[in-house]
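Have a look at the structure below, then the notes.
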Amino acid sequence: MSSHGTPIPMTARKAGPLSGTADVPGDKSISHRSLILGAMAVGETRVTGLLEGQDVLDTAKAMRAFGAEVDKQGDTWVIHGVGTGGFAEPDNVIDCGNSGTGVRLIMGAMATTPITATFTGDASLNKRPMARVTDPLALFGARAYGRSGGRLPMTIVGAEAAVPVRYEVPVPSAQVKSAVLLAGLAAPGETVVIEREATRDHSERMLAGFGAQISTEVTNEARIITLTGQPELRPQTIVVPRDPSSAAFPVCAALIVEGSDVLVPNIGLNPTRAGLFTTLREMGADLTYENMREEGGEPVADLRARFSPDLKGIEVPPDRAASMIDEYPVLSVVAAFAEGKTHMPGVKELRVKESDRIDAMATGLRACGVEVDEGEDWWTVHGRGHGAVAGGATVESHLDHRIAMSFMVLGFAANAPVTVDDGGPIATSFPIFEPLMAGLGAEITRGQG
Ligand code: S3P
């Protein structure tokens, strides 16, 4: 089922080569943070290039419910923030739809203000673990009342007199790190977050941009992030870079569809996000970075991906997992078209995403004629090589945009069409996926094959 409507089956089939330019939408992580930090600043933040996917629109709606003004004027999103600690108590339940990032960051942002808010989501989000966020928020003095197992719907009662926190994040999660940092904004004194594995650092970069005092000490064992509470955040003008996690889909499609040559311009290559591209190059992908430059303090390049008939399976280093955590589903599709095994260890976080992504991909890949082995923390795809992936199946997307798009990519190169039972969730992160892929020459239709 799609989150708010009837399922939309989608079918992908083999067509001619993919060619042209793929202008993918804005970065989802940076879009959520632009709205939330804009709402916590004093004055007018202006954002262009915001991802207008459902996840981000749900966060915009939530920020209005907490008292910020959020409007779109032409191409620019304009946010009038209420200041750190200035959130009003929402009149109604906050529905974050499909978005783990939305709900976890917003819980953090309100947890050190003495207000109460109740959060819910769709069937996927209401299954996901929230204790990873509410445990550290309790240390600030907030209380959480949710369903058993720490699930949504859940009410957070913000701390009356927040205290700062020193917290070591027990799982590699930028959402948890960010929730703690956002909570630290309205607490007095220094909040310290320690992470053993580097996860995406957009919150740290953007908090510094908004004028917070924040520093990161990098040692051999950890990154120690220190934030001074109760800053007055200064409103910003933000140009959201394009999303490397969305770029992954046209890039991977071009690598496996015969004769393809696709340019994906202006992609952020922040090292905490670019692990997929390194991995693809190690597999022998013809993937080049053109026009390398810096924009807004981040490395940016135009990616050029060409059909790569001689892809090889590899061992993906586990310490790379955090930098490509959202890309394993589409990597597993490329791995199916490679020669030999691709082994992906250190990825148990995949089991608590919008779906259990190892299970969802393994089941669908097997239905498409690809052998997959899996354990709790790892999986291995047995590549069949170019031209030898059968397809010809209907697979379930489990309310997960990245599962739906990954199987569409598989269908562009498999020997028989591939249908996903519901492509509706694609709109959460990549609302223009269908026309963009069709514009490159892919064949994608609504309905059963
Ligand atoms: C995100 C962090 C990651 C990622 C998600 C976006 C973020 O989740 O999977 O799509 O914007 O902070 P985790 O924090 O659960 O690893």
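Descriptive notes on the structure:
- Strands (runs of 3 or more DSSP E) contained entirely in region 64-149, each with at least 2 residues that are in contact with a helix residue (DSSP H, G or I) (Cβ under 6 Å, 6 or more places away or on another chain): 76-82, 116-120
- All conditions in (1) of a type in the set (A, V, I, L, M); (2) touching a helix residue (DSSP H, G or I) at 6+ places or on another chain (Cβ under 7 Å); (3) modelled with pLDDT of 95 or more hold for residue 321, with the sole exception of (2).
- Identity of the residue in region 10-55, over 22 Å from the mean Cα position of the chain (by Cα), assigned to a loop (DSSP other than H, G, I, E, B) and outside the structural domain of residue 174 (by TED's automatic domain parsing), that ends up farthest from the ligand (Cβ to nearest atom): 16
- Consider region 14-30 and keep the residues that are modelled with pLDDT of 95 or more and surrounded by fewer than 20 Cβ atoms within 10 Å (Cβ to Cβ). The one that is nearest to residue 247 (Cα to Cα) is 23.
- Count of region 352-370 residues, restricted to those that are part of a helix (DSSP H, G or I) and within 11 Å of the ligand (Cβ to nearest atom), is 2.
- Of all residues in region 193-203, those satisfying the criterion of being more than 24 Å from residue 156 (Cα to Cα) and either touching a helix residue (DSSP H, G or I) at 6+ places or on another chain (Cβ under 9 Å) or touching a residue at least 40 places away in the same chain (Cβ under 8 Å) (or both) are 195, 197, 198, 199, 200, 201, 202.
- Test for residue 70: is it crowded, with 16+ Cβ neighbours inside 10 Å, closer than 12 Å to residue 56 by Cβ and out of contact with any Pro (no Cβ under 9 Å at 6 or more places or on another chain): yes
- Selected residue (only one of 217, 190 is without any contact (Cβ under 8 Å) to a residue 24 or more places away in the chain and either touching a Cys at 6+ places or on another chain (Cβ under 7 Å) or at negative phi (or both)): 217
- Scope region 422-436; condition within 9 Å of residue 405 (Cβ to Cβ) and part of a loop (DSSP other than H, G, I, E, B); matching residues: 423, 429, 430
- Some residue of region 277-291 being part of a loop (DSSP other than H, G, I, E, B) and surrounded by fewer than 16 Cβ atoms within 10 Å (Cβ to Cβ): no
The values are calculated or read from the model by the stated rules, or taken from the named source; none is laboratory data. What you are looking at is a predicted structure, and each value in this text was computed from that prediction instead of being measured. So basically every Cβ, Gly included, is an ideal-geometry build from the backbone, and we count neighbours across all protein chains shown.
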